[in-house]
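Reading through the structure tokens given below for one structure.
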Amino acid sequence: MLNYVIKRLLGLIPTLFIVSVLVFLFVHMLPGDPARLIAGPEADAQVIELVRQQLGLDQPLYHQFWHYISNAVQGDFGLSMVSRRPVADEIASRFMPTLWLTITSMVWAVIFGMAAGIIAAVWRNRWPDRLSMTIAVSGISFPAFALGMLLIQVFSVELGWLPTVGADSWQHYILPSLTLGAAVAAVMARFTRASFVDVLSEDYMRTARAKGVSENLGCPQTRAT
């Protein structure tokens, strides 16, 4: 297991390097002058040139890339052009809210996705199955940004139950976690249903039903084993 993890981590190194090269080149291909943007619209040519020298933009491209990658390895990602704060601090201040949002979205996606899949499998080809799979297909097909806007409109604007921005309380995580977890829950519901249908078609389940054991009782016993 440890060797597998080490191999996977080592395999990330060339991938990260290639992504870093592509991002670096893409940023330099964008129109506009970063030095002029930082200096401001009213800055003269001397100020812009001074800013360009401070940022190292007057250096050759390969030298800029080496400076960028060596600082990034040390955790120095430069300053934000918007807030003028270190990028590492900007990332750190948003790390925990992002982590909690990811955890909450995955937890509810697993719970609701598995529950919908089990219900659809036990009552397959009946209205709970059709309803669950219809919702699952809708969750996969519906764009996340559209779902988020719909939830905001209904639960924040119309009903006023939940906040739209911030990360101060658990209520702030409900709408974004539902938005992020909808597609995952839909996929999990479909996979869970397929797996349970296969289990319910096994010989031992048919034998249990022949002896009078209902599927509602057989499924928990199957999961326990």
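Readers should treat all values here as calculations from the given coordinates under stated rules, not as data from a laboratory. These numbers come from a predicted model, not from an experiment. Because the Cβ atoms are built from the backbone with ideal geometry, glycine has one as well, and the counts that use them run over all protein chains shown.
Just checking, which of TRP108, TRP66, TRP127 is under 30 Å from HIS172 (Cβ atoms) and either free of Cβ contacts under 8 Å to residues at least 60 places away in the same chain or aromatic (Phe, Trp, Tyr) (or both)?
Criteria check complete, one pass: TRP108.
In segment 46-99, what residues are in a helix (DSSP H, G or I) and under 18 Å from PHE26 (Cβ atoms)?
Once the filter is applied, which keeps residues that are in a helix (DSSP H, G or I) and under 18 Å from PHE26 (Cβ atoms), segment 46-99 yields LEU55, LEU61, TYR62, GLN64, PHE65, TRP66, HIS67, TYR68, ILE69, ALA72, VAL87.
How many of the residues making up segment 89-148 are of a type in the set (A, V, I, L, M, F, W, C), surrounded by 16 or more Cβ atoms within 10 Å (Cβ to Cβ) and over 18 Å from ARG190 (Cα atoms)?
Residues flagged as of a type in the set (A, V, I, L, M, F, W, C), surrounded by 16 or more Cβ atoms within 10 Å (Cβ to Cβ) and over 18 Å from ARG190 (Cα atoms) within segment 89-148 amount to 2.
Out of the residues in segment 1-57 that are within 20 Å of ALA72 (Cβ to Cβ) and aromatic (Phe, Trp, Tyr), state the one that is surrounded by the fewest Cβ atoms within 10 Å (Cβ to Cβ). Spell out how you get there, then give the answer.
Going through segment 1-57, the residues within 20 Å of ALA72 (Cβ to Cβ) turn out to be 9-30, 34, 38, 54-57.
Filter once more, keeping what is aromatic (Phe, Trp, Tyr): 17, 24, 26.
Details: PHE17: 11, PHE24: 15, PHE26: 9.
The qualifying residue surrounded by the fewest Cβ atoms within 10 Å (Cβ to Cβ) is PHE26.
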